[in-house]
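Participant: Below is one structure. I have some questions about it.
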Amino acid sequence: MLNRRDFIGRTIWTAAGLPAAALWAQAAPLKITKIETVYWNSRDDAPFWPHWTWLKIHTDAGVTGIGETYPRNSAEAEILHGHFAKSLLGKDPRDIERIWADLYLTLDFQVAGGAEIRALSAIDLALWDLLGNHLNAPVYRLIGGRANPRVRLYNTCFPHRYDFNKEPDKIMREIFDGYGIRAIKIWPFDGAAQRNRHQYITPQDIDEALAPVKILRDKFGMSIEILMEFHSYWNLTSAVRIAQALEPYKPMWLEDMLMPGNFADYRRLAEATPLPLTISERMAGKLQFQEMLDARAARCVMFDVCWCGGLTEARKITAMADAHQLPFAPHTAGGPLLFYASTHLATAMPNLWIQESCQRFYEHDWPLMLENPLVPKDGHITAPQLPGFGMRIKREAWEHGKGIRRVSSL
């Protein structure tokens with residue numbers, strides 16, 4: 001039987017559109033009892049090209065949550081078990097902000113970054129997935145609802161059927177006709193950077209690297225967006241020369257031309273070209289992004305939720321970008337949960353520009369490991385309506401014979 005207080009509370013929650021089951025789930029005690037990791041030593045160890053660490057957080061109620069990070073798998077797993085496990089076990093997993101702050105302080109006392117912040121990102125993602133599973137709600141509903149019912153996508157040209165340096169038009173035609181995607185990211189200047197040891201670029205190097213850009217513009221005109229990735233390979237002098245050579249082709253953005261640490265130089269680059277700069281999936285934590293925003297060099301903010309501190313920190317970075325009247329664009333060229341979690345964030349936050357996707361992943365890798373791989377339609381993706389992030393891993397993928405598993409428990 002319900003007492004008067006419970007009846008009133010249940011009535012209020014139900015009237016607010018929240019299921020009564022969510023009320024009882026929120027009130028019941030909950031405790032982390034076990035953390036479990038699995039990773040692979042090599043991408044060649046499984047047919048789905050694994051290069052990440054999966055984390056599963058278990059509770060005494062039987063509810064679990066999945067997290068993910070990459071690419072230093074053995075180091076990240078060791079930090080999860082050797083450093084974080086003792087702080088997590090026994091905690092209430094719903095206290096996400098408190099857990100994040102407490103764990104981060106242990107890192108900041110030593111070194112705030114690297115594998116430590118990536119491991120914290122995996123924990124944070126697992127806690128949000130667990131909360132959604134516990135409350136039987138998609139994560140985007142827990143962080144603001146549907147600002148963007150559909151999330152616009154671009155394609156990053158990971159190795160698949162064609163080489164983007166030689167046949168970018170064939171890649172573009174497939175994603176354009178098959179999935180309605182009208183934006184493509186390429187990195188044709190990387191070869192010159194490696195040949196010249198990142199020190200200089202010649203007119204011949206530039207002409208060679210412009211070839212796939214010219215093909216795309218000749219074949220598709222302005223009906224598509226071209227995004228240029230540089231992997232932070234260039235110095236300021238070379239970056240200015242490259243940017244000015246690209247100006248006639250009107251790319252959507254120039255991504256990570258310089259190393260992200262010196263934002264004064266990024267400001268100089270921004271002043272040297274009208275093309276928008278995007279910075280930077282390589283950064284971790286809102287404090288680094290604050291420095292970047294203060295420099296007023298970027299016109300689009302990029303982060304990776306598996307690297308920057310998880311969904312908790314990504315939401316704050318997104319809000320900081322919004323306060324500067326800037327959009328964000330999630331980096332998703334990692335494991336599958338990165339894409340699912342980013343899609344929930346992109347669904348909920350109003351200042352979305354565009355989100356990354358990889359044709360190889362949804363055509364080849366994800367169907368081998370997931371029960372419900374997300375596939376673009378009309379150039380967009382939609383967040384799953386399942387609880388949590390909604391990613392369902394096949395049992396044979398989690399238990400794959402070459403996966404390296406480890407458990408820490410109470």
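The values are calculated or read from the model by the stated rules, or taken from the named source; none is laboratory data. Everything numeric here is computed off the predicted structure, so don't read it as measured data. Positions of Cβ are backbone-derived with ideal geometry, glycine not excepted, and every protein chain shown enters the neighbour counts.
Participant: Based on this model, can you work out whether Met228 counts as under 20 Å from Trp353 (Cβ atoms), assigned to a strand (DSSP E or B) and touching a helix residue (DSSP H, G or I) at 6+ places or on another chain (Cβ under 8 Å)?
Facilitator: yes
Participant: What tally of residues in the range 306-316 results from selecting those that are part of a loop (DSSP other than H, G, I, E, B) and either touching a Pro at 6+ places or on another chain (Cβ under 7 Å) or surrounded by fewer than 24 Cβ atoms within 10 Å (Cβ to Cβ) (or both)?
Facilitator: Count: 0.
Participant: Follow-up question, since we're still on this one. Go through (1) among the aliphatic types (A, V, I, L, M); (2) touching a Pro at 6+ places or on another chain (Cβ under 6 Å); (3) outside the structural domain of Arg315 (by TED's automatic domain parsing) one by one and return the number of the condition Leu368 breaks.
Facilitator: Failing condition for Leu368: (3).
Participant: Moving on to the next point. What are the residues in the range 41-50 that are crowded, with 20+ Cβ neighbours inside 10 Å and under 18 Å from Ala75 (Cα atoms), if any?
Facilitator: Pro50
Participant: Is it the case that some residue within the range 221-239 is free of Cβ contacts under 8 Å to residues at least 60 places away in the same chain, of a type in the set (D, E, K, R) and in the same structural domain as Asn262 (by TED's automatic domain parsing)?
Facilitator: No: zero hits.
Participant: Let me ask something else. Which of the following residues is charged (D, E, K, R), within 24 Å of Glu281 (Cα to Cα) and out of contact with any helix residue (DSSP H, G or I) (no Cβ under 6 Å at 6 or more places or on another chain): Arg43, Arg72?
Facilitator: That would be Arg43, the only listed residue that is charged (D, E, K, R), within 24 Å of Glu281 (Cα to Cα) and out of contact with any helix residue (DSSP H, G or I) (no Cβ under 6 Å at 6 or more places or on another chain).
Participant: For Ile279, indicate whether it is among the β-branched types (Val, Ile, Thr), under 30 Å from Ile175 (Cα atoms) and buried (at least 23 other Cβ atoms within 10 Å of the Cβ).
Facilitator: Yes.
Participant: I've got another one for you. Please go through the range 91-106 and pick out each residue that is under 19 Å from Lys316 (Cα atoms) and not aromatic (Phe, Trp, Tyr).
Facilitator: Those that are under 19 Å from Lys316 (Cα atoms) and not aromatic (Phe, Trp, Tyr): Arg94, Asp95, Ile96, Glu97, Arg98, Ile99, Ala101, Asp102, Leu103, Leu105.
Participant: Quick check, is Ile117 of a type in the set (A, V, I, L, M, F, W, C), more than 20 Å from Met302 (Cβ to Cβ), in contact (Cβ under 8 Å) with a residue 12 or more places away in the chain and assigned to a helix (DSSP H, G or I)?
Facilitator: Against the criterion (of a type in the set (A, V, I, L, M, F, W, C), more than 20 Å from Met302 (Cβ to Cβ), in contact (Cβ under 8 Å) with a residue 12 or more places away in the chain and assigned to a helix (DSSP H, G or I)), Ile117 does not qualify.
Participant: Just a yes or no: is a residue in the range 168-191 over 27 Å from the mean Cα position of the chain (by Cα), farther than 26 Å from Pro376 by Cβ and surrounded by 15 or more Cβ atoms within 10 Å (Cβ to Cβ)?
Facilitator: no
Participant: For Leu153, state whether it is in the same structural domain as Gly67 (by TED's automatic domain parsing) and either out of contact with any Ser or Thr (no Cβ under 7 Å at 6 or more places or on another chain) or modelled with pLDDT of 95 or more (or both).
Facilitator: It is false that Leu153 is in the same structural domain as Gly67 (by TED's automatic domain parsing) and either out of contact with any Ser or Thr (no Cβ under 7 Å at 6 or more places or on another chain) or modelled with pLDDT of 95 or more (or both).
Participant: Hey, another quick one. Out of all the residues in the range 60-99, which are part of a helix (DSSP H, G or I), farther than 16 Å from Lys31 by Cα and either at pLDDT below 95 or not acidic (Asp, Glu) (or both)?
Facilitator: Asn73, Ser74, Ala75, Ala77, Ile79, Leu80, His81, Gly82, His83
Participant: Among the residues of the range 317-367, what is the count of those that are closer than 18 Å to Arg296 by Cα and either part of a helix (DSSP H, G or I) or out of contact with any Leu (no Cβ under 6 Å at 6 or more places or on another chain) (or both)?
Facilitator: 14
Participant: Something else about it: Testing Pro373 on (1) under 29 Å from Ile99 (Cα atoms); (2) in contact with a helix residue (DSSP H, G or I) (Cβ under 7 Å, 6 or more places away or on another chain); (3) surrounded by fewer than 21 Cβ atoms within 10 Å (Cβ to Cβ), one condition comes back false. Which one is that?
Facilitator: (1)
Participant: Which one is surrounded by the fewest Cβ atoms within 10 Å (Cβ to Cβ) among residues in the range 251-276 that are over 26 Å from the mean Cα position of the chain (by Cα) and part of a loop (DSSP other than H, G, I, E, B)?
Facilitator: Looking at the filtered set, the residue picked out is Pro274.
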